[in-house]
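Written out below as structure tokens is the structure these notes cover.
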Amino acid sequence: MRAQTSALRSKDLLGIEPLTPEEITLILDTAEGFKEVSERPVKKVPALRGQLVINLFMEASTRTRVSFEIAEKRLSADTLNFAASGSSVEKGETLIDTAANLMAMHPDMIVIRHKYPGAPRMLADRLPASIINAGDGSHEHPTQALLDAFTIRERLGRLSGVNVSIVGDIAHSRVVRSNIHLLTKMKANVTLAAPPTLIPAQVEEMGVRVVHSLDEALEGADVVMMLRIQLERQGKLSFPSLREYYNTFGLTGERLARAREGVLVMHPGPMNRGVEIASDVADGPASVILEQVTNGVAVRMAVLYLLAGGHLAE
Ligand code: CP
């Protein structure tokens, strides 16, 4: 499927849920064009010259924060990184006041990561700048799902009809919510696998299959996406022990050998090696985990470019 639209409808990217399949395809096609920029000796294009992008990260991040900053620099934008630590947030300044003060310095876009679901929407409703959700609590992480889709499409040539099994902490994951929205809109078949305590009630209503065994999830899968156990979002463990979790849901080389030949192993990172995934799998030939990271730059370039009003050449 090639993009049948040449622009995004909203000034913001708050999630995958509001996007149409045509908009998702537009972002992926645009990212395909931008991927080559990172392979040039001079890794820069002038698309966002003169635009100011503020990266407002109020929660920890390595991949998302760094790849947004690289994407902005490759598009020649001026970038400013704002962290809560060391700022007046520590003196009690609210998110809205912080954002309003940043807005007074005329940024064109604000990339925000925040622990509260809905924080990006709150800014989008109040500020004229484009707001990009870089992860809000357990709600959505749209650019992660887009880079995951880009990686699957690049490797397998399509999204429609691909069997994707997502295994792990479904209950606390914003990555899985965005991936379910994206993959079902693009007609992929999604299976979720986890202990019952890590599966939200009525998740099947999102158009996915739920199983409680890793072997069942691996059977027929073209892609297996492993998720981190988010200990920071769980009051207490939702299963007896990490060792027991690894023994039942950890992806080891022995278990992966039962999957279809050519299966792709993905993980959004950060990984808990020896909890949800064994090192020989994470670093093995089926793993595309670092390709996901590489592709994140191209996908974020595409999102920034399109929200700035850029059009895919027709
Ligand atoms: N995948 C992801 O969001 O990683 P970071 O938390 O390191 O940004």
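The values are calculated or read from the model by the stated rules, or taken from the named source; none is laboratory data. This is a predicted model, so every value here is computed, not measured. Cβ placement follows ideal geometry from the backbone for every residue including glycine, while neighbour counts extend to all protein chains displayed. Note: areas computed on protein heavy atoms with side chains; ligands, DNA, RNA excluded. Shrake-Rupley method; radii C 1.70, N 1.55, O 1.52, S 1.80 Å.
Over the range 21-129, Cα pairs under 8 Å with separation of 6+ residues give a relative contact order of 30 percent.
Which residue, chosen from 68, 118, 89, occupies the Cα position most advanced towards the positive end of the dipole of the range 44-159, where the dipole is computed from +1 (Lys, Arg) and -1 (Asp, Glu) charges on Cβ about the Cα centre? Of the candidates, 68 comes out farthest on the positive side. Solvent-accessible surface of the range 169-314, averaged per residue with a 1.4 angstrom probe and all protein chains in place: 43 square angstrom. The mean accessible area for residues of the range 61-114, using a 1.4 Å probe and ignoring ligands and nucleic acids, is 48 Å² per residue. Taken as Cα centroids, the range 176-242 and the range 266-281 sit 15 Å apart, rounded to the nearest whole angstrom. Given axes a ≥ b ≥ c from the Cα gyration tensor, I'd like to know whether the range 243-286 is rounded (a/c under 1.5), prolate (a/b larger than b/c) or oblate. Judged from the Cα gyration tensor, the range 243-286 comes out oblate (a/c at least 1.5, b/c at or above a/b). For the chain, the dipole from Cβ point charges (+1 on Lys and Arg, -1 on Asp and Glu) about the Cα centre works out to 360 debye, to the nearest 20. Go ahead and set up a Gaussian network model of the chain, Cα springs under 10 Å, then flag whichever of 189, 101, 247 fluctuates most. Result for the chain, Cα springs under 10 Å: 101 fluctuates most. Of 12, 108, the residue with the largest accessible area leads and the full order is 108, 12 (1.4 Å probe). Atom-type composition of the exposed protein surface of the range 137-229 places 45 percent of the accessible area on carbon and sulfur (1.4 angstrom probe). Expressed as a whole percent, the accessible surface of the range 1-82 that belongs to carbon and sulfur atoms is 53, based on a 1.4 Å probe. Could you compute the longest span of the chain free of trypsin sites (Lys or Arg not before Pro) located in DSSP loops and having at most 15 other Cβ atoms within 10 Å, not counting the site residues? Here the longest segment lacking exposed loop sites spans 50-114. This model, with +1 at the C-beta of Lys and Arg and -1 at the C-beta of Asp and Glu, gives the range 195-314 a dipole about its Cα centre of some 400 debye. Assuming charge only on the beta carbon of Lys and Arg (+1) and of Asp and Glu (-1), the dipole of the range 28-68 about its Cα centre is about 220 debye to the nearest 20.
Using the Cβ of residue 5 as centre and a radius below 9 Å, the other residues enclosed give a net charge of -1, where K and R count +1 and D and E count -1. Here the range 123-140 and the range 1-44 have alpha carbon centers that stand 18 Å from each other. Our estimate of slack between residue 155 and residue 76, defined as 0.36 nm per intervening residue step minus the Cα-Cα distance, is 25.5 nm.
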